[in-house]
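The values are calculated or read from the model by the stated rules, or taken from the named source; none is laboratory data. Remember, it's a predicted structure, so these values are computed and weren't measured experimentally. Ideal geometry is used to build each Cβ from the backbone, glycine not excepted, and the neighbour counts take in all protein chains shown.
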Amino acid sequence: MTVSEKIVVLGAGFLGVNAALDLVNAGKQVTIIDETLKHQYIPGTVDIIRNRFQREELEINLEEFLPEQIELKEATVKDVRPDEKTVETRNGLIGYDKLVTGLGGAPENFGIDISPAEHAWGIKPAQKLSKKAENAEKAVIVGAGYVGIEVAGELTEKEVETTLVEANTRPMSYLDQKSSEKMLEILHNKDIKFKGGKQVSEVAEGSVTFTDGGEEAADLIVWAAGVKASETVKQIFSTGRKGIEVNQGLSAIGYNDIFAGGDCVDVSGQKTAHKAMKQGEVIAENIVSNSEPLNQVESEQNFLIVSIGDKAGLIFQNKLVFSANFLRHFKDLVKTYYFTRLKIKKKLFNADFLP
Ligand SMILES: Cc1cc2nc3c(=O)[nH]c(=O)nc-3n(C[C@H](O)[C@H](O)[C@H](O)COP(=O)(O)OP(=O)(O)OC[C@H]3O[C@@H](n4cnc5c(N)ncnc54)[C@H](O)[C@@H]3O)c2cc1C
């Protein structure tokens, strides 16, 4: 009798859930370990700020959703022991033949205590942010990447006077000058102030201080300064803040039988849910084919949709920038499409024509 190899997936985010469904559809034995066993649609958490969506619309309970053939363990991952091929959780050890790591990231704080600030990283923090915004007159958002800008758009719709502060001299500085200029134009039209070249050195209740000695006061401070590897990932894989090093086939460099992707890996460009989902699918393909050379993640075109409140937004595709006023609603459709896609993957598993 052939004993199927055991694949353990760490984290039930975009990477983990998509990899797990593809693996079980291909006949693999799969276990997911996640600290909540809830799959959150994090790109939609900004919609909590104005109560456009509630928790139920952004979260799937995996114990109800996933096929019962996927074993689920609700546990916090503490360590991985590659030599013994085991994962250490707070509830004990779990063995694996192949490991898929999708533990996500954490807000990049550059060593600063950001606890007085709010953020939108997950449903609960976004609910807290939303509540605080009810009584806020003025908000400062640290970080003018796409997340900070979307949060600024939502707060402005709530009539909170909003300022984006950014260490770089232009918003979305990872894109070209023309894209930043277009974004500045929209921010201006929306009455969202932008202050560039401002590096935050301290966050306190009611104000942020900059390295140049200046200060910006606000009754709501939101932190949106990017993503770094979580402390757990840094410790387990001895990585820097950018995360686990992987090759083009998403195999962790220096480890046997460990794949990794999503926000916990060190890849160039913006980290997005779309990339994490695609990477999960490539990892599943590579585990199923079990042969060299590994399939590689396609080098991603720069594609990003940024909505700024209800009636403004930009679509970036490589060097092209398009302006559109329906993007908040378009992003609602993307969410519906994503959840439908997951349901189809799950249905494939139950289909009669599969072995
Ligand atoms: C406010 C906000 C808005 C965003 N908007 C967009 C957008 O519009 N479009 C877009 O494409 N991307 C967007 N992103 C980025 C996107 O959400 C991430 O890139 C994506 O979630 C990464 O997927 P992942 O699977 O790597 O990690 P995650 O989705 O974060 O999943 C990680 C999983 O690991 C689990 N976990 C973590 N640590 C442990 C542990 N120690 N033990 C057990 N389980 C653990 C968590 O519970 C979680 O389920 C946004 C991000 C934020 C914060």
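The set of residues from region 27-50 being more than 12 Å from the ligand (Cβ to nearest atom) and at pLDDT 95 or above comprises Lys28, Gln29, Val30, Thr31, Arg50. Looking at Ile149, Ile141, just one residue is in contact with a Pro (Cβ under 9 Å, 6 or more places away or on another chain), surrounded by 24 or more Cβ atoms within 10 Å (Cβ to Cβ) and in the same structural domain as Val203 (by TED's automatic domain parsing), and that residue is Ile149. Filtered by the rule that a residue be away from the ligand (no atom under 16 Å from the Cβ), over 23 Å from the mean Cα position of the chain (by Cα) and either among the β-branched types (Val, Ile, Thr) or outside the structural domain of Gly206 (by TED's automatic domain parsing) (or both), region 82-138 gives Pro82, Asp83, Glu84, Lys85, Gly95, Asp97, Lys98.
Between Lys275, Lys234, Lys311, which is among the basic types (Lys, Arg) and under 30 Å from Asn135 (Cα atoms)? Answer to the check: Lys311.
When Gly261 is tested against (1) farther than 14 Å from Gly104 by Cα; (2) crowded, with 16+ Cβ neighbours inside 10 Å; (3) within 16 Å of the ligand (Cβ to nearest atom), just one condition goes unmet, and that condition is (1). When Glu5, Glu57, Glu71 are checked against the criterion of being of a type outside the set (Lys, Arg) and out of contact with any helix residue (DSSP H, G or I) (no Cβ under 9 Å at 6 or more places or on another chain), Glu71 stands alone in meeting it.
Taking region 3-20 as the range and being closer than 20 Å to Gly95 by Cα and more than 7 Å from the ligand (Cβ to nearest atom) as the test, the residues that pass are Val3, Ser4, Glu5, Lys6, Ile7, Val8, Val9, Val17, Ala19, Ala20.
Rundown of residues vs (1) of a type outside the set (Phe, Trp, Tyr); (2) more than 15 Å from Arg50 (Cα to Cα); (3) modelled with pLDDT of 95 or more, yes/no style:
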residue	(1), (2), (3)
Ser115	yes, yes, yes
His119	yes, no, yes
Lys124	yes, no, yes
Gln127	yes, no, yes
Glu134	yes, no, yes
Thr156	yes, no, yes
Val160	yes, no, yes
Asp176	yes, yes, no
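Within region 318-345, the set of residues being within 14 Å of the ligand (Cβ to nearest atom), in contact (Cβ under 8 Å) with a residue 12 or more places away in the chain and aliphatic (A, V, I, L, M) comprises Leu327, Val334, Leu342.
For residues that are within 17 Å of the chain's Cα centre (by Cα) and of a type in the set (Val, Ile, Thr), scanning just region 223-272, find the one that is modelled with the lowest pLDDT. Going through the qualifying residues, I end up with Val267.
Each residue in region 209-226 was checked for being farther than 18 Å from Thr169 by Cβ and in contact (Cβ under 8 Å) with a residue 60 or more places away in the chain, and 7 pass. Every residue in region 277-296 that is closer than 22 Å to Tyr337 by Cβ and either part of a strand (DSSP E or B) or more than 13 Å from the ligand (Cβ to nearest atom) (or both), please. Selection gives Val282, Ala284, Glu285.
The listed residues are Ile244, Ile315, Ile236, and the only one of them that is within 16 Å of the ligand (Cβ to nearest atom) and under 22 Å from Ser173 (Cβ atoms) turns out to be Ile315.
Condition first: over 21 Å from Ile114 (Cβ atoms), touching a helix residue (DSSP H, G or I) at 6+ places or on another chain (Cβ under 8 Å) and part of a loop (DSSP other than H, G, I, E, B). Can you find one or more residues in region 162-169 that meet it? No; the residues of region 162-169 include none that is over 21 Å from Ile114 (Cβ atoms), touching a helix residue (DSSP H, G or I) at 6+ places or on another chain (Cβ under 8 Å) and part of a loop (DSSP other than H, G, I, E, B).
Residues in region 310-326 that are modelled with pLDDT under 95 and buried (at least 20 other Cβ atoms within 10 Å of the Cβ): 1 in all.
Selection of region 80-95 for residues being of a type outside the set (Val, Ile, Thr) and either in contact with a strand residue (DSSP E or B) (Cβ under 9 Å, 6 or more places away or on another chain) or buried (at least 18 other Cβ atoms within 10 Å of the Cβ) (or both) yields Arg81, Pro82, Glu84, Lys85, Glu88, Arg90, Asn91, Leu93, Gly95.
Just for region 170-207: of the residues that are assigned to a strand (DSSP E or B) and touching a Ser or Thr at 6+ places or on another chain (Cβ under 9 Å), which one is surrounded by the fewest Cβ atoms within 10 Å (Cβ to Cβ)? Walk me through how you get there before you give the answer.
Initial filter on region 170-207 (assigned to a strand (DSSP E or B)): 193-195, 200-204, 207.
The next check asks that each one be touching a Ser or Thr at 6+ places or on another chain (Cβ under 9 Å); those that pass are 193-195, 200-203.
Working: Lys193: 14, Phe194: 21, Lys195: 14, Val200: 24, Ser201: 12, Glu202: 14, Val203: 20.
If we take residues in region 170-207 being assigned to a strand (DSSP E or B) and touching a Ser or Thr at 6+ places or on another chain (Cβ under 9 Å), then Ser201 is surrounded by the fewest Cβ atoms within 10 Å (Cβ to Cβ).
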